[in-house]
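Okay, structure first, notes after.
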Amino acid sequence: MIHYRLVKYSSVILGFILYACVKDKPNPVTKTNVVLSSNEKVFVINEGPFNTGNGSISLYDPISNNVVEDVFYEQNAQKLGNIVQSMSVVNGQYCIVVNNSNKIVFCNKDFKKTAQITGFHSPRYVLPVSNKKGYVTDLYANAISIIDFNSLSKTGSIPCKGKTEKIISLYNKAFVTNTDKEYVYIINTITDQITDSVNVGLNAYGLEVDKNDDIWILSNGKKSAGIPGKLTRFDALTHTVKTSFTFSSQDSPGHLHINTTKDSLYYINTHVYRLSINDGALPSSAFITNDGRNFYGMGIHPRNHSVYLADAMDYSQKSTIYVHDASGKLKTSFKTAICANSFWFE
Amino acid sequence: MNGASGIASWVIVLVCISSFSLRAGDSLSIRKLQTVEVSTSRLLWSQLGKRVIKFDSLILPHYQYQSLSDILSTQSPVFIKSYGPGALASSSLRGGSASQTAILWNGFNINHPMLGQSDFSQIPVFFFDAVEIEMGSAPALHGSGVINGSIQLSNTQRFQNSLKTTLQIGSGSFGMRKTGGSIHYSTYRFSSTTRLFYQQNQNNFRFLNDSGKTETRTHNSFDTKGALQDFSWLINTKNKLDVSFWYNQFDRQLPKPPGNKSESKASQQDKNFRSSINWTYFTSRTRVNLRQGIFSDALNYTDSLAGIFSKSRCLSSVSEVEANTQFTQWFHFFIGGQFLLQNAENSNYGARHQSPKRAALVGGFQLNTPNKKYLFSSSIRQEYSSLLPVPITGHISLEAHPHSTLHLKWNAARVYRLPTLNDWYWQPGGNPNLKPEQGYSTDGSLIFQLHHSAISFRFTGSLFYKNINNWIIWLPKNTYTSPDNLLNVKSRGGETQTELGYRKKSFYVQLAIQTTYVLSTVENSYLKEDEAIGKQLIYTPRYTGNGNLSIGYKKASLLLNHNYTGYRFNNSDNSTWLMPYHVSSLKLRYTQHFNRIELTVYGALNNLFNSDYEIIQNYPVPLRNYEAGLTIHYVKSINKNKYE
């Protein structure tokens with residue numbers, strides 16, 4: 001009797017359980033045809049999950065608000081690689097640095113892959129110093145690589161201990177930050193030799209050049225050692241420090257950017273801050289508050305001065321990009337792929 | 001005391017311990033504790049009201065020279081997140097994170113204090129007589145981090161007046177070589193077991209890359225060595241002392257994701273030294289344990305390309321006292337205390353770093369009905385930490401045995417997990433304001449079994465529910481990442497295990513099927529517009545299942561195992577996923593006796609049907625591969641006239 005009752009009640013319970021179960025097969029992603037309505041393009045660089053996935057480049061059309069989530073895959077039917085770090089344009093070609101895959105990929109204007117250069121340790125950013133020659137910063141090479149854009153090969157290196165990051169050029173010099181050191185290093189781009197350095201504080205990452213040809217460096221400091229971050233300005237010709245602002249030891253500033261007129265700087269320190277290059281102190285109030293968002297990247301639109309902010313969420317889901325107008329007011333938002341870190345505007 | 005009466009006294013002592021353990025811990029359990037001693041009664045208390053999976057004699061011998069990762073991934077509801085053979089393998093049990101499942105050795109939680117989890121690929125099954133999975137929470141008895149359940153590793157000291165030696169050698173695909181050995185020596189009051197294990201593996205397997213071309217995994221070798229020593233003394237009729245030492249070293253290369261042109265130079269070395277000493281005082285009604293565990297966990301990571309030479313080491317000391325007493329036939333009482341001290345060394349720990357101290361008081365009781373058909377137990381724990389307030393926790397459980405064929409279990413608990421040392425101190429990012437993960441869990445099981453002549457049938461069905469708040473995740477904070485209590489996660493689901501067996505004389509056949517359904521979703525989040533809400537946790541399959549066909553005839557045995565793993569999402573918004581996979585293996589053993597020597601030849605064919613799959617994206621696993629080996633046992637009774 002007990003067996004009969006057991007079977008009966010078990011069957012009812014089992015029926016409820018099976019009914020409550022969720023279908024395992026996920027709904028397939030429906031692909032919609034994206035129409036890009038203008039020549040204005042915003043590329044979003046998405047790192048992708050570290051080691052376990054692929055990064056991508058998203059293409060956003062600000063007019064139609066449409067997004068092609070992985071434009072490289074769409075055009076080439078292959079993945080770009082692991083940790084897409086940065087993108088720039090070199091000799092009319094898109095130049096994409098894929099950090100953890102140790103390569104630089106070149107694409108034409110249709111985003112068709114045309115070439116790639118390998119042999120790096122952990123490449124970060126590319127700086128073309130001429131039509132023929134470029135520099136590649138690197139986290140682990142203890143050197144800056146020299147590449148030849150004609151032969152698409154690595155032709156040499158400039159020894160520089162530590163983790164080299166952002167790099168810009170001016171007056172036949174390249175200025176490069178190094179997150180392991182307190183210095184910005186200055187390279188003669190004719191001789192490929194480091195000729196000088198400027199003390200800008202520990203963990204310097206971002207650098208920009210303003211309309212007076214002054215170099216601005218944002219260093220993060222080292223919170224655990226009580227070393228605060230700094231914003232430093234120095235003369236590109238004489239390498240003399242003109243201004244130095246010190247952050248609180250609790251701050252963690254990063255992501256330095258400048259507008260097209262090169263007179264206003266933006267950076268993220270939990271919120272977004274803006275200051276004029278002529279200001280005598282760091283701003284005390286935020287230009288855009290984070291409102292619960294975690295900003296992982298920023299870009300300033302070169303024409304309308306819109307501020308593009310990337311919220312990487314938990315690193316494990318699609319990033320949300322928030323677009324604020326030049327006054328800081330939120331205009332719109334859109335989704336891209338995992339870990340959006342920066343933008344390229346056309 | 002003359003010889004005969006002495007032997008008789010020891011027999012009585014052993015029976016006393018055995019019967020006390022049975023009464024105190026598992027009086028309603030259908031399992032038979034055939035061994036004479038259970039090292040810690042707390043384990044039996046915590047198993048009350050819960051489903052416990054114990055690998056039986058049809059399964060365990062086939063995995064004796066494998067890692068814990070191998071047996072758990074193919075023979076249990078635990079989903080092992082493996083990055084490949086010899087690589088990191090962490091667990092997901094009932095939809096929880098790896099740090100919410102404890103690994104208990106001799107009753108001590110051996111999860112790495114800095115990481116909060118264990119790497120199952122580093123633990124050889126060979127070192128243990130029993131591997132048990134306790135499904136469900138027992139925070140009051142085991143403390144922090146037992147939200148999903150625990151995996152319990154134990155050895156049984158047999159006082160058999162014998163000398164047993166085992167030597168094993170094995171070889172397999174991809175340059176795998178392994179050897180192991182054990183020596184067990186015991187008298188009727190002293191026992192010593194030494195186990196040694198060594199394995200090296202080139203691990204340069206071939207796999208199909210994204211383009212469908214065959215590629216060889218490079219910079220992927222590993223080797224592991226270890227030793228485990230157990231001593232046990234029956235000091236007199238009321239006192240017993242157990243001392244254990246376990247050293248494990250695991251060296252491995254860390255490969256780059258497939259397709260990378262440049263070679264990785266990264267490697268990792270783990271060194272673990274664990275020791276425990278346990279004094280037991282017992283009478284027919286009372287048992288007192290004093291335990292001390294000392295643990296050293298070192299992890300050295302090197303990447304010459306990246307210029308990273310990271311060394312970390314954590315020393316832990318755990319002191320425990322507990323007393324069990326049986327007031328009447330139907331009432332048992334338990335009280336205990338624990339003191340834990342940790343001291344970590346890591347260059348990434350900032351100036352805030354201190355040595356955490358924790359103390360806990362635990363109490364509980366057990367009620368049996370006179371007919372022993374119903375049992376109720378409850379426990380409570382208050383822990384104090386030098387770092388943060390800890391919630392009071394406890395559990396209640398019920399067991400019922402209304403009919404000889406039916407066994408019902410249920411338990412409910414308030415659960416918690418303290419942040420790891422990395423969560424607290426890692427610089428940059430470590431967060432001193434973290435709160436413990438905490439919540440509630442409950443589960444129930446039904447066991448139905450029938451025996452008819454040579455046929456046996458057993459069905460186990462379980463349902464569970466958990467709701468965990470303050471779930472810790474690491475998030476971007478400008479230029480670094482930092483952990484925070486951000487999520488509320490709800491896990492629910494069910495498991496079944498069905499076994500049908502036939503045994504006649506020297507022949508047996510058994511078919512066993514396990515299924516698991518887990519729905520583990522983010523219910524609330526402090527992230528703005530979090531798309532993960534309502535979505536399944538990453539790398540947590542909703543559906544898994546495995547089946548075993550075991551056949552034995554005289555000295556030969558065969559095990560055919562098949563596993564199915566359903567879709568796994570690899571993004572928290574569930575926008576991308578990995579495809580389900582099936583994978584099978586065939587294992588064979590043949591044993592021949594030559595007087596005192598027992599010779600066993602074994603072989604295994606893994607990934608029988610050449611399944612091409614990934615457990616973790618971008619981390620390939622081998623196609624079809626083999627392993628074969630030989631084991632020699634030698635048994636000698638020291639004095640046949642004495643107690644065995």
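The values are calculated or read from the model by the stated rules, or taken from the named source; none is laboratory data. From a predicted model like this one, the values you see are computed outputs, not experimental measurements. Reconstructed Cβ throughout: ideal geometry from the backbone, glycine too, with neighbour counts over all protein chains shown. Heavy atoms of the whole protein, side chains included, go into the accessibility calculation; ligands, DNA and RNA do not. Shrake-Rupley method; radii C 1.70, N 1.55, O 1.52, S 1.80 Å.
Per residue, how large is the accessible surface of segment A:170-270? Use a 1.4 angstrom probe and give square angstrom. Kindly include the intermediate steps, with their values, before the conclusion.
Working: 3930 Å² over 101 residues.
Heavy-atom SASA per residue in segment A:170-270 reads 39 Å².
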Exercise for review: Filter the cross-link list B:K178/B:K271; A:K79/A:K335; A:K222/B:K256; B:K178/B:K213 down to pairs whose alpha-carbon distance in this structure exceeds 21 Å.
Suggested key: A:K222/B:K256; B:K178/B:K213
Check your understanding: Relative contact order for chain B using alpha-carbon pairs under 8 Å, separation at least 6, rounded to a whole percent?
Key -> 12
Review point. Rolling a 1.4 angstrom probe over the protein heavy atoms, how many square angstrom per residue are accessible across chain B?
Key: 39
**Study point:** A:S244, A:S342, reordered so the largest accessible area comes first (probe 1.4 Å)
**Key:** A:S244, A:S342
Check your understanding: Cross-link partners among aspartates and glutamates for B:K372, C-alpha distance below 14 Å, same-chain residues fewer than 8 apart left out?
Key -> B:D26, B:E399
Practice item. Kindly report, to the nearest 10 Å², the accessible surface of B:T515 as traced by a 1.4 Å probe over protein heavy atoms only. Key: 60
Practice item. Calculate one ³J(HN,Hα) per residue across segment B:509-516 by plugging θ = phi - 60° into the Karplus curve 6.51 cos²θ - 1.76 cosθ + 1.60, and present them in order as whole Hz with x for glycine and proline. Key: 9, 9, 10, 10, 10, 10, 10, 9
Exercise for review: Please give the calculated 222 nm ellipticity per residue for chain A, where each DSSP H segment of at least 4 residues contributes -39500 (n - 2.57) and the sum is spread over every residue; nearest 500 deg cm²/dmol?
Suggested key: -2500 deg cm²/dmol
Study note, to complete from the structure: For B:Y553, the accessible surface traced by a 1.4 Å probe with all protein chains present amounts, in square angstrom to the nearest 10, to 120
Exercise for review: For segment B:515-585, give the percent of accessible area contributed by carbon and sulfur heavy atoms, probe 1.4 Å, rounded to a whole number.
Suggested key: 61
Practice item. Excluding residues on the same chain fewer than 8 positions from A:K181, give the aspartates and glutamates whose Cα lies under 13 Å from its Cα. Key: A:E165
Point to revise | Centre separation in Å (Cα based) which lies between segment A:164-200 and segment B:394-416 | key: 69
Point to revise | Inter-centroid distance (Cα atoms) of segment A:80-124 relative to segment B:76-154, Å | key: 42
Check your understanding: Excluding same-chain residues fewer than 8 positions from B:K373, which lysines have a Cα within less than 29 Å of its Cα?
Key -> A:K8, B:K32, B:K50, B:K54, B:K409, B:K466
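Ignoring any ligand, DNA or RNA, what whole percent of the accessible area of segment B:385-436 comes from carbon and sulfur when the probe is 1.4 angstrom? Show your work: numbers first, answer last.
Values: 1110 of 1770 Å².
Carbon plus sulfur share of accessible area: 63 percent.
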Revision key, fill the gap. Taking the alpha-carbon centre of each part, the distance from segment B:538-596 to segment B:268-334 in Å is 31
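How do B:E529, B:E627, A:E69 rank by accessible surface area computed with a 1.4 Å probe, from largest to smallest?
On the way: B:E529 100, B:E627 10, A:E69 75 Å².
Correct descending sequence by accessible area is B:E529, A:E69, B:E627.
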Exercise for review: Compute the Rg to Rh ratio over segment B:402-559 from the alpha carbon atoms, using the Kirkwood formula for Rh, and round to two decimal places.
Suggested key: 1.17
Exercise for review: Count the net charge of all other residues whose Cβ sits under 10 Å from the Cβ of A:Q75, scoring Lys and Arg as +1 and Asp and Glu as -1.
Suggested key: -1
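What percentage of the solvent-accessible surface of segment A:197-315, computed with a 1.4 Å probe over protein heavy atoms, is contributed by carbon and sulfur atoms?
Details: 1900 of 4290 Å².
Carbon with sulfur: 44 percent of the solvent-accessible area.
Does chain B classify as rounded, prolate or oblate by the C-alpha gyration tensor (a ≥ b ≥ c root eigenvalues; a/c under 1.5 gives rounded; else a/b over b/c gives prolate, otherwise oblate)? Please report the intermediate quantities before stating the final value.
Numbers: a/c = 1.40, a/b = 1.17, b/c = 1.20.
Taking the square roots of the gyration eigenvalues as a ≥ b ≥ c, chain B is rounded.
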Practice item. Note the angle between two axes, namely the Cα long axis of helix A:2-20 and the longest principal axis of the Cα atoms of chain A, as a number of degrees from 0 to 90, rounded to the nearest 10. Key: 40
Revision key, fill the gap. Per the helix-only model, chain B has a calculated mean residue ellipticity at 222 nm (DSSP H runs of ≥4, -39500 (n - 2.57) each, divided over all residues, rounded to the nearest 500) of -2000 deg cm²/dmol
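How many Å² of accessible surface get buried when B and A come together, counting both sides, probe radius 1.4 Å, rounded to the nearest 100? The partial results should precede the final answer.
Working: alone 27010 and 16690 Å², together 39470 Å².
Using a 1.4 Å probe, the pair buries roughly 4200 Å².
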Review point. Which parts of segment B:568-601 would a label at A:V22 reach, counting a residue when its backbone N lies under 17 Å from a point 7 Å out along Cα-to-Cβ?
Key: B:568-580
Exercise for review: For segment B:550-585, state which residues have at least 30 Å² less accessible area in the presence of all protein chains than in their chain by itself, taking the probe as 1.4 Å and leaving out ligands, DNA and RNA.
Suggested key: B:Y567, B:N571, B:S572, B:D573, B:S575, B:W577
Practice item. Compute the accessible area of each residue in segment B:417-446 twice, once for its chain alone and once with every protein chain present, using a 1.4 Å probe on heavy atoms, and list those whose area falls by at least 10 Å². Key: B:Q427, B:L446
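Quick check: convex hull over the Cα atoms of the protein assembly as shown, volume per residue in Å³, rounded to an integer? Don't skip to the answer; put the middle values down first.
Details: hull volume 163.0 nm³, N = 990.
For the protein assembly as shown, the hull spanned by Cα atoms encloses 165 Å³ per residue.
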Point to revise | Drop in accessible area of at least 20 Å² in the complex versus isolated chain, residues of segment A:313-339, 1.4 Å probe | key: A:M313, A:D314, A:Y315, A:S316, A:Q317, A:K318, A:Y322, A:K335, A:I338
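Assuming R0 = 41 Å, what is the FRET efficiency of A:V90 and B:Y526, from their Cβ-Cβ distance, to the nearest 0.05? Intermediate values should be presented prior to the final figure.
On the way: r = 42 Å, r/R0 = 1.02.
Rounded to the nearest 0.05, the efficiency is 0.45.
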Point to revise | Kirkwood hydrodynamic radius (C-alpha pairs) into Stokes-Einstein, segment B:202-244, 25 °C and 0.890 mPa s, D in µm²/s | key: 164
